[in-house]
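Notes for the one structure printed next.
The values are calculated or read from the model by the stated rules, or taken from the named source; none is laboratory data. As the structure is a prediction and not an experimental result, all values here were calculated from the model. Cβ coordinates were reconstructed from backbone atoms using ideal geometry, including for glycine residues, and neighbour counts include every protein chain displayed.
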Amino acid sequence: MSFLGGVFGSNRKQFGARALAVVRGQSTVVAADFDAAAFEISYRTHDGERGRINLTTVFKRCRGASAEDTERMLSDFLTMTPSLGAAELPDGWAAAAPCLRPLIRQAGQLDQRMEGMRIADHTLWRPILPCLIETVVIDQPTAMKRVGPSDLEEWGVDADTVFATARGNLAGAALDTVAGYDPGSKAGILHIPDNDGDMYAGSLPLVDGWLAGIGAKAGARPIVFIAQNVGVLIGAEFSEQHVVRLVQLARQLFDDAVREVSPVPYTVDDDGRLIPYRVSRDHQAWREIRSAESTLAASVYGQQYEHLRADLDADLTEDRAAKLMHARQQDGTEMTFTPWTDAVPTLLPRAHNVTLTNVETGETFGVSWEILAAAVDLRPVEGIHPERYRVEYHPEPEVMQRLRASSGMH
């Protein structure tokens with residue numbers, strides 16, 4: 001009989017109560033509480049570090065498992081959470097530097113608050129791609145700790161040094177992967193599952209020269225996917241049909257993930273920088289790539305919206321965060337759109353389209369982001385990722401007339 005179906009039933013609150021007991025049993029934990037609505041545990045450790053653990057991942061893993069297996073998976077999951085492991089972490093920069101590893105993660109939780117502080121304020125992070133960030137952890141055999149600004153102060157180093165060191169620690173694995181990639185085998189597709197995460201394969205795209213090396217061996221533009229929090233999918237632009245196959249494989253990995261990252265394809269520019277892989281509208285893979293971009297944006301902006309809305313409800317801001325909507329048009333094309341209501345202070349997410357509504361007449365029309373940005377000076381708000389743009393009053397009548405003439409959802 002399964003843990004969820006037998007001992008505790010399918011009740012998320014009961015599962016959370018058991019998880020809370022495990023967290024409170026950790027020697028490093030001073031206090032912990034379970035938020036049933038958010039399905040997460042907040043905790044505070046003896047050294048003053050605070051964190052939150054969302055239980056969705058482990059809840060999915062435990063479906064259908066026996067009571068014994070579920071207890072083990074729950075314990076392993078929680079004790080491998082940053083700060084909860086009992087193992088001693090390196091002391092000082094010289095000891096910590098070889099243990100640093102980079103991670104690519106979704107950015108939706110940056111504006112979540114813990115005891116008044118945003119996660120973005122006590123975590124070392126930087127934007128790396130649309131909706132994604134790069135963070136750094138100290139990796140140990142039985143524990144892992146997120147690096148924060150306080151660690152930099154203690155070590156006496158700057159953020160660039162920490163990021164560069166973490167990436168450099170994966171150089172050996174990156175070289176081995178390039179050497180082992182055979183473009184003539186399995187249609188030039190390489191999937192490294194890295195189920196236990198020890199290899200940090202999902203972070204290889206951050207290593208300078210790694211993806212370019214894959215492309216050099218393939219003799220074609222390289223393409224990489226970080227669909228899940230572990231593993232990586234590698235291919236190349238051999239043909240349009242091949243790109244379609246890659247995107248479809250990555251989407252399946254993303255949809256099946258216990259903890260998803262991104263279904264979007266990425267490549268490198270001429271300078272070796274990691275960028276989204278984009279194609280023209282007549283490309284066979286355009287619809288699938290557009291769907292992947294829309295799915296990622298809707299997920300990450302949706303998380304961000306909830307946290308920014310909480311700030312508004314708590315009177316921490318006067319700006320209303322606009323929702324990002326994900327829709328499918330009549331021709332099957334997926335797109336995102338967001339509303340801008342005249343005279344309402346609003347933080348607009350970057351969307352494919354923006355709808356403008358006159359509060360007096362109720363008139364509403366939509367324009368593409370590119371058309372709006374060409375007519376209005378849209379500037380991203382500092383410190384928010386993914387980007388949001390503060391707007392309030394609609395443009396002058398003559399500008400609105402031009403926008404109206406170019407209306408349409410794209």
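What to note about this one:
- For the range 378-389, a residue qualifies if it is more than 20 Å from the chain's Cα centre (by Cα) and at pLDDT below 95, and exactly one does: Arg379.
- Within the range 168-186, being in a helix (DSSP H, G or I), modelled with pLDDT of 90 or more and over 16 Å from Ile226 (Cα atoms) holds for Gly168, Ala171, Gly172, Ala173, Leu175, Asp176, Val178, Ala179, Gly180.
- Test: residue in the range 222-231 that is touching a helix residue (DSSP H, G or I) at 6+ places or on another chain (Cβ under 7 Å), among the aliphatic types (A, V, I, L, M) and either surrounded by fewer than 21 Cβ atoms within 10 Å (Cβ to Cβ) or assigned by TED's automatic domain parsing to the domain that holds Leu55 (or both): no
- Helices (runs of 4 or more DSSP H) within the range 1-91 that include 2 or more residues small (Gly, Ala, Ser), farther than 30 Å from Gly156 by Cβ and at pLDDT 80 or above: 12-24
- Residue tally, condition under 17 Å from the mean Cα position of the chain (by Cα) and surrounded by fewer than 20 Cβ atoms within 10 Å (Cβ to Cβ), over the range 254-272: 6
- Lone unmet requirement of (1) part of a helix (DSSP H, G or I); (2) exposed (fewer than 15 other Cβ atoms within 10 Å of the Cβ) for Asn195: (1)
- Condition broken by Gly156, with the remaining ones in (1) of a type outside the set (Lys, Arg); (2) out of contact with any strand residue (DSSP E or B) (no Cβ under 9 Å at 6 or more places or on another chain); (3) crowded, with 19+ Cβ neighbours inside 10 Å satisfied: (3)
- Filtered residue count, the range 136-148, keeping only those that are buried (at least 21 other Cβ atoms within 10 Å of the Cβ) and touching a Ser or Thr at 6+ places or on another chain (Cβ under 7 Å): 1
- Test for Ala120: is it modelled with pLDDT under 95 and either of a type in the set (Phe, Trp, Tyr) or within 22 Å of Leu296 (Cα to Cα) (or both): yes
- Leading residue by the ranking (farthest from Val244 (Cα to Cα)) among those in the range 147-198 that are hydrophobic (A, V, I, L, M, F, W, C) and touching a residue at least 60 places away in the same chain (Cβ under 8 Å): Trp155
- Listing of strands (runs of 3 or more DSSP E) fully contained in the range 296-369 that carry 1 or more residues being over 25 Å from the mean Cα position of the chain (by Cα) and modelled with pLDDT of 95 or more: 334-341, 353-357, 364-368
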